[in-house]
Amino acid sequence: IALKIVDRAIQVHGGGGVTDDFPLAMAWAHLRALRLADGPDEVHKRTIARQELRKYRDRVPTPAVHNGSPVGV
């Protein structure tokens, strides 16, 4: 979100936003580098997906029962 804020500030300042007159260009470059150093969003999404799927992979399905008798048998 910080990158979006700085990007918007650069837009507001026009050409001055990318000069040394304002610290915006340096802030944008720094924030962009941090975003890359943290890893791509796709890697984070895949890691979270694997963690969530692992929760269900190890579950043993419970047979459905209706009125004391297994369903589908």
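The values are calculated or read from the model by the stated rules, or taken from the named source; none is laboratory data. Owing to the predicted nature of the structure, the values given are computational and were not obtained by experimental measurement. Here Cβ is always computed from backbone atoms with ideal geometry, including for glycine, and neighbour counts include all displayed protein chains.
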Flag if LEU31 is loosely packed, with under 10 Cβ neighbours inside 10 Å and in a helix (DSSP H, G or I): no
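Per-residue answers, yes or no, for (1) exposed (fewer than 11 other Cβ atoms within 10 Å of the Cβ); (2) not in a helix (DSSP H, G or I):
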residue: LYS4; (1), (2): yes, no
residue: ARG8; (1), (2): no, no
residue: HIS13; (1), (2): no, no
residue: GLY16; (1), (2): no, no
residue: ASP20; (1), (2): yes, yes
residue: ALA25; (1), (2): no, no
residue: LEU36; (1), (2): yes, no
Scan of the stretch 38-60 for residues that are of a type in the set (A, V, I, L, M) and in a helix (DSSP H, G or I), ordered by number: VAL43, ILE48, ALA49, LEU53
The stretch 11-59, subset modelled with pLDDT of 90 or more and of a type in the set (Val, Ile, Thr), residue farthest from the chain's Cα centre (by Cα): VAL12
